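For reference, the structure discussed in these notes is given below.
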Amino acid sequence: MKFRDIPNLISAIRILLVAPVVALILHGDYLAALLLFVIAGISDGIDGYLARHFGWQSRLGSILDPIADKLLLIATFVSLSQVGLISIWLVIAAIIRDLIIVGGALIFHIYIGKFDLAPSYISKFNTFMQILLVVAVLSLQITQIPLWVIDWIVIITIMTIFLSGLSYSIIWGRKARQLTRKHNIDD
């Protein structure tokens, strides 16, 4: 293993943390679930920092990191919904957004060509809001947090879910039109 593989190793470890976080939530051990979830969240920042700071970015990392994020968030959302701590409609909205993004990426790849997996700013903010929501909901099980705080986090999260899905659709639609126009002109 080389130093440049460290960010990918951290992403792989984050994937391995998904099952214990889910199990802890389903068993009602919210403090332990919160601690593991926070560790996973911090690891996301660390692997990104290392990759950018030392130039250790890789194609594998550009795929592995968002997969680790999505697995952790979606699995956590589903398990929080299973124990009645968040609404199923929020889980469905987050899953539909991810399906739109992944489906759009696949369609783009199949019909247009290779694409850059760089996340948009609204998508990064959405990920932050989803993480914040999980932390807030788990923290509410351990300590007192005003319910209006959770309500506002849910509102902002659902707005960013919608806006980031729309943003990707617009961006990829424009890129597809530009590339197909360029292709038609070159022919």
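Is it true that some residue in the range 164-187 is closer than 30 Å to residue 31 by Cα and out of contact with any Lys or Arg (no Cβ under 9 Å at 6 or more places or on another chain)?
Quick first cut of the range 164-187, residues closer than 30 Å to residue 31 by Cα only: none.
Looking through the range 164-187, none of the residues is closer than 30 Å to residue 31 by Cα and out of contact with any Lys or Arg (no Cβ under 9 Å at 6 or more places or on another chain).
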| field | Selected residue [in contact with a Lys or Arg (Cβ under 8 Å, 6 or more places away or on another chain) and farther than 16 Å from residue 168 by Cβ] from 68, 23 | value | 68
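Name the one entry in 16, 35, 26 that is free of Cβ contacts under 8 Å to residues at least 24 places away in the same chain, over 17 Å from the mean Cα position of the chain (by Cα) and closer than 23 Å to residue 139 by Cα.
Values: 16 fails: over 17 Å from the mean Cα position of the chain (by Cα); 26 fails: free of Cβ contacts under 8 Å to residues at least 24 places away in the same chain.
Every option except 35 fails the conditions.
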| query | Considering the range 108-134 alone, what residues qualify as being modelled with pLDDT of 80 or more and farther than 18 Å from residue 67 by Cα? | reply | 110, 132, 133
| remark: Picking from 137, 149, the residue that is modelled with pLDDT of 90 or more and under 25 Å from residue 23 (Cα atoms) would be 137
| So which residues in the range 129-144 are loosely packed, with under 14 Cβ neighbours inside 10 Å and not β-branched (Val, Ile, Thr)? | 144
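The values are calculated or read from the model by the stated rules, or taken from the named source; none is laboratory data. Nothing here was measured: the structure is a model prediction, and the numbers come from that model. Cβ coordinates were reconstructed from backbone atoms using ideal geometry, including for glycine residues, and neighbour counts include every protein chain displayed.
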